[in-house]
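Okay, structure first, notes after.
The values are calculated or read from the model by the stated rules, or taken from the named source; none is laboratory data. The model shown is predicted, which means the values in this text are computed figures rather than measured ones. Virtual Cβ from ideal backbone geometry, glycine too; neighbours counted across all protein chains shown. When the accessible area is computed, the model is the full protein with side chains, heavy atoms only, and any ligands, DNA or RNA have been set aside. Shrake-Rupley method; radii C 1.70, N 1.55, O 1.52, S 1.80 Å.
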Amino acid sequence: MKRPKTRAKGKNVPAVTRVTLAPSDAASWQYAPAPETYDYFKIAPRYGLFIGGKWVAPKDGRRFPTLNPATEEVLTHVAEAGPADVDRAIKAARNAYERYWRRCSPQTRAKYLFRIARAITERSRELAVLESLNGGKPIRESRDVDIPLAAAHFFYYAGWADKLEWAFPNRHPEPLGVAGQIIPWNFPLLMAAWKIAPALACGNTVVLKPAETTPLTALWLAEIIEQADLPPGVVNVITGGGDTGAALVRHPDLDKVAFTGSTEVGKQIAIQCARLRRPVTLELGGKAANIIFEDAPMDQAVEGIINGIFFNQGHVCCAGSRLLVQESAIELVVDKLYRRIQSLRVGPPLDKNTDVGAINSKAQLAKIDELARSGEQAGRPRYQTECALPSRGYWFRPTFFTEVALSDRIAQEEIFGPVLSVMTFRTPDEAVEKANNTRYGLSAGIWTDKGSKNFKIAAQLRAGVVWGNTFNKFDPSSAFGGYKESGFGREGGIFGLLPYVKDRWRSA
Ligand code: NAD
C-alpha cells in the first residue's frame, strides 16, 4: 500500500491533512471472535466498604454506579465513602497497627503476603476478566501483564518482610504507622499491589482508595485479604471519588500518604501534606519520548513504539507518546508505523484478539479527542485507522501525528490515550534536548544498534526509567518513579521499602 507523502517541513500548507485507512486495507485477514467468558463468577448488585475486616454500608448511604466502558452498561453500584467512613477506616487501621501488625513477627507478615500472592494467582483468570470489564483494557493485557505483575509484587515484598535489617544495614527500620493510599484507574489491581505490598511488609497498616471508575478489582482484593485471614483492619478499602481521597489525605491521624495519579491532583496533595508535615510519595503523569536512531533495529523499534502507546489504549503513565526519529530514518519509520497501525484490532476488551480496547471513561475520551483536535488545528498531518468501532462504549482510533513541533500541545501535554506525536532530530545532542523538553520525567526509550550510544544517551535523559531497545517492561525488583513533575519517591525493588520505614541509626 502506498502511503501519502508527508508534507515538507516549514512550508505553508493547508490547515488539516487527515489520512484515514479504509477498512478493506485494514488487517490482512479477520479472526473469529474469541471472547473470554465470565459466567463462573458473579458481580453483586451493590458493594460496601471493607473496614476493620468487615463489609459495611457507607454512613450516609451514598452509592454510585460503576460501568463497563466498552458497552456503557452498569456493572454494579459501589459505596461512596464520606468523611465519617474515612474516619472509621483510619481508626480501624490504627487499631490494627497498635494491636497486631506492628507487634507480629516479620515471618508472620511474610506468610500473609505469600498467601495474598497465591490467592491472586489462583483467581487470576477472574481478576483479569474483571479488570478488562471495568477498565476497558484488552484481556491479553490484564491476563499477561496486570494480574501476574500484581501477584509478583506480593511475592517479592513477602521476601523482604523478614529481611528489613539486610535492606537497611546498620539501621533499625521501623514502620511509620497508618498509610493512606490513593490509586488511579489505568492499572487498578497492579497499583493496589504496588502500594499495599511494601507497606505491609514494613509493618504498616493501610487505607486504600481505588479510582472511582475502576473500583472492582480492589474490592475483590479486599475479599482475598479477608479470605487470607489478615488481622481485621490491617487493610481497609474505601471506594469513592476525589472528595473521598481529599478527606483521606487531610485526616489528622495518618502517618503517610502515597498517591498515584495526575500531576494536578498530586500538587494539591503535596501542598496539603507539607502543611501537615506528613511524609508523601507521588507517582504522577508522564510524556515519555522514544528515541529512534538511524542504526536501530527498525522492525523491533516500531513494534516497541506500537506497544508503548497503542496497546492498553495509551492509558499508561509511562506511555511513549512522543516519538523522536533521526531525520535520515523518518520516511522509513513513518511508513512502517502507518502499515502497522492498520493491523491493530480495536474492539471488545474481552476478545483475546483485541489489541486496543475501550477508553476508560467518557470524560477521558473527551480529553483525548480535544487534544487530538489541537494537533489538527496546529496543521499537523494526522494518520489513523478507520476500522469499524462498536456502536456503544468509548472508543478512539489509534492515531499519530507527524511534523509535530515541540511547542505543540500534543508534544507537551499528557494525552493518556492512543495518540502518538512524531518529531525528528539530527544529532544525539538534539535528541536529548528534545526528549528532556517537557515538564515530566517519568520514562524514555532509546533504540540503537550501539550499546555505548544507548548508555551515553540514557545517562543524559531526565527520566526515572529509561528502556534500551525495549519499552514498558516491568519487574517487581526494579524501582519505578519520576523526575520533575512526574513526582518523587520510588516504588518497586528495595527502594519501594524506603517510604514505609522510619530509618534510624542502630544504637550501639
Ligand atoms: P486523578 O489524579 O484524577 O485521580 C487519581 C486518584 O486520585 C483517584 O483515585 C481519584 O479519585 C483521586 N483524587 C482525585 N482528586 C483528589 C483529591 N483532590 N485528593 C485526593 N485524591 C483525589 O488521575 P487519574 O485520571 O485517575 O489517573 C491518570 C493519571 O495517573 C495520569 O496522569 C497518569 O500519568 C497517572 N499515573 C501515574 C503513574 C505513575 O506510576 N507515575 C501510574 C499510573 C497513573
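So what is the relative contact order for the chain, in percent, with contacts set as C-alpha pairs under 8 Å and at least six apart?
Working: 1155 pairs, mean separation 100.9, N = 508.
Normalised by residue count, the contact order of the chain is 20 percent.
Find how much the distance from GLU331 to SER391 grows on full extension, using 0.36 nm per residue of separation minus their present alpha carbon separation; answer in nm with one decimal. List each step's numbers first, then the result.
Values: separation 60, 0.36 × 60 = 21.60 nm, distance 3.51 nm.
Gain on extension, GLU331 to SER391, equals 18.1 nm.
Starting from 0 in steps of 10 Å, tell me what percent of the Cα-Cα pairs of segment 392-508 lands in each bin.
Going from the shortest bin to the longest, the percentages are 11, 34, 32, 15, 5, 2, 0.
Could you do me a favour and compute the accessible area per residue for the chain, 1.4 Å probe, result in Å²?
Working: 20400 Å² over 508 residues.
On a per-residue basis, 40 Å².
Show the residues, 5+ positions off or on another chain, whose built amide H is closer than 5 Å to the amide H of TRP467.
Counting only residues 5 or more places away or on other chains, the set is ALA444, GLY445, ILE446.
Ordered by residue, what ³J(HN,Hα) values in Hz, to whole numbers, does segment 310-318 give under the Karplus form 6.51 cos²θ - 1.76 cosθ + 1.60, where θ = phi - 60° and Gly and Pro are x?
Listing the rounded values in order: 9, 5, 6, 6, x, 7, 9, 4, 9 Hz.
Which distance in Å, rounded to a whole number, links the C-alpha centroids of segment 287-357 and segment 438-479?
Taking the Cα centre of segment 438-479 as reference, the centre of segment 287-357 is 16 Å away.
What Kirkwood Rh does segment 299-394 have if only Cα atoms enter the pairwise 1/r average? Answer in Å.
Working: mean 1/r = 0.0679 Å⁻¹.
Computed over segment 299-394, the radius equals 14.7 Å.
Over segment 50-99, what portion of Cα pair distances is larger than 13 Å, expressed as a whole percent?
Details: 781 of 1225 pairs.
Summing the P(r) tail past 13 Å for segment 50-99 gives 64 percent.
Could you tally the net charge around LEU67, taking each other residue with its Cβ under 10 Å from the Cβ of LEU67, Lys/Arg +1 and Asp/Glu -1?
Around LEU67, the charge tally is -1.
Using R₀ = 45 Å, calculate the FRET efficiency as 1/(1 + (r/R₀)^6) where r is the Cβ-Cβ separation of GLN30 and ASP295; round to 0.05. It would help to have the intermediate numbers written out before the result.
Values: r = 37 Å, r/R0 = 0.82.
Computed FRET efficiency for GLN30 and ASP295 comes out at 0.75.
From the square roots a ≥ b ≥ c of the eigenvalues of the alpha-carbon gyration tensor of segment 177-334, which class results: rounded (a/c under 1.5), prolate (a/b over b/c), or oblate? Kindly include the intermediate steps, with their values, before the conclusion.
Numbers: a/c = 2.90, a/b = 2.03, b/c = 1.43.
Taking the square roots of the gyration eigenvalues as a ≥ b ≥ c, segment 177-334 is prolate.
Would you calculate the convex hull of the Cα atoms in segment 286-483 and tell me its volume per residue in Å³? Let's see the in-between values first.
Working: hull volume 23.6 nm³, N = 198.
Spread over its residues, the Cα hull of segment 286-483 gives 119 Å³ apiece.
Any chance you could check the Cα centroid distance between segment 215-265 and segment 127-177 for me, in angstrom?
The distance from the Cα centre of segment 215-265 to that of segment 127-177 comes to 15 Å.
Mean separation of Cα pairs under 8 Å and 6+ residues apart, divided by the residue count of segment 286-483: what relative contact order is that in percent? Each step should come with its number before you reach the end.
On the way: 394 pairs, mean separation 58.2, N = 198.
That works out to 29 percent.
Over the C-alpha atoms of segment 244-345, what are the Rg and the largest Cα-to-Cα span, Dmax, in Å?
Just the Cα atoms of segment 244-345 yield Rg and Dmax of 19.8, 59 Å.
Checking the a/c ratio against 1.5 first, then a/b against b/c, what shape does the Cα gyration tensor give for segment 130-216?
Values: a/c = 4.14, a/b = 1.86, b/c = 2.22.
Oblate shape, in that a/c is at least 1.5 and b/c is the bigger or equal ratio.
Can you give the direction-averaged projected area of the convex hull of the alpha-carbon atoms in the chain, in nm²?
Working: hull surface 96.2 nm².
Approximately 24.1 nm², given one-decimal rounding.
By per-residue mean of other Cβ atoms within 10 Å, what is the highest-first order of 226-237, 470-481? Please report the intermediate quantities before stating the final value.
Details: 226-237: 21.2, 470-481: 17.3.
Packing order, densest peptide first, comes out as 226-237, 470-481.
For n ≥ 4 DSSP H runs only, could you compute -39500 (n - 2.57) per run for the chain, divide by its residues and tell me the 222 nm figure to the nearest 500?
-10500 deg cm²/dmol, from helical runs alone.
Expressed as cubic angstrom per residue, what is the convex hull volume of the alpha carbon set of segment 430-477? Walk me through the intermediate numbers first.
Values: hull volume 4.0 nm³, N = 48.
Spread over its residues, the Cα hull of segment 430-477 gives 83 Å³ apiece.
Antiparallel DSSP bridges in the chain: what percent, to the nearest 5?
Roughly 35 percent of the beta bridges in the chain run antiparallel, per DSSP.
Is segment 20-175 rounded, prolate or oblate when judged by the Cα gyration tensor, a ≥ b ≥ c being the square roots of its eigenvalues, rounded requiring a/c under 1.5 and prolate requiring a/b larger than b/c? All intermediate terms of the calculation are to be shown ahead of the outcome.
Numbers: a/c = 2.75, a/b = 1.47, b/c = 1.87.
Oblate is the answer for segment 20-175, as a/c is 1.5 or above yet b/c matches or exceeds a/b.
Around GLY242, under 12 Å between beta carbons, what's the net of Lys plus Arg minus Asp minus Glu among the other residues? Could you put the intermediate results ahead of the total?
Details: positive: LYS209; negative: GLU80, GLU212, ASP243, GLU264.
Charge balance near GLY242 sits at -3.
Magnitude of the Cβ-charge dipole of the chain, K/R +1 and D/E -1, about the Cα centre, nearest 20 debye?
Taking the Cα centre of the chain as origin, the dipole is about 880 debye.
Can you pick out the pairs among LYS336/LYS434; LYS267/LYS450; LYS54/LYS256; LYS163/LYS287 whose Cα atoms lie more than 29 Å from each other? Before the final figure, lay out the partial values.
Values: LYS336/LYS434 23 Å; LYS267/LYS450 39 Å; LYS54/LYS256 23 Å; LYS163/LYS287 36 Å.
Pairs exceeding the cut-off: LYS267/LYS450; LYS163/LYS287.
Just going by the charge dipole of the chain, with Lys and Arg at +1 and Asp and Glu at -1 on Cβ, which of SER421, ALA366, TYR112 is farthest out on the positive end?
TYR112
Report the FRET efficiency, 1/(1 + (r/R0)^6), for ARG102 and LYS362, where r is their Cβ-Cβ distance and R0 is 51 Å, rounded to 0.05.
Working: r = 44 Å, r/R0 = 0.86.
Taking R0 as 51 Å, the efficiency between ARG102 and LYS362 is 0.70.
At 0.36 nm per residue, minus the direct Cα-Cα distance, what do ILE271 and ALA44 gain on full extension? Give it in nm, one decimal, please. Walk me through the intermediate numbers first.
Details: separation 227, 0.36 × 227 = 81.72 nm, distance 3.86 nm.
That pair, ILE271 and ALA44, stretches by 77.9 nm at full extension.
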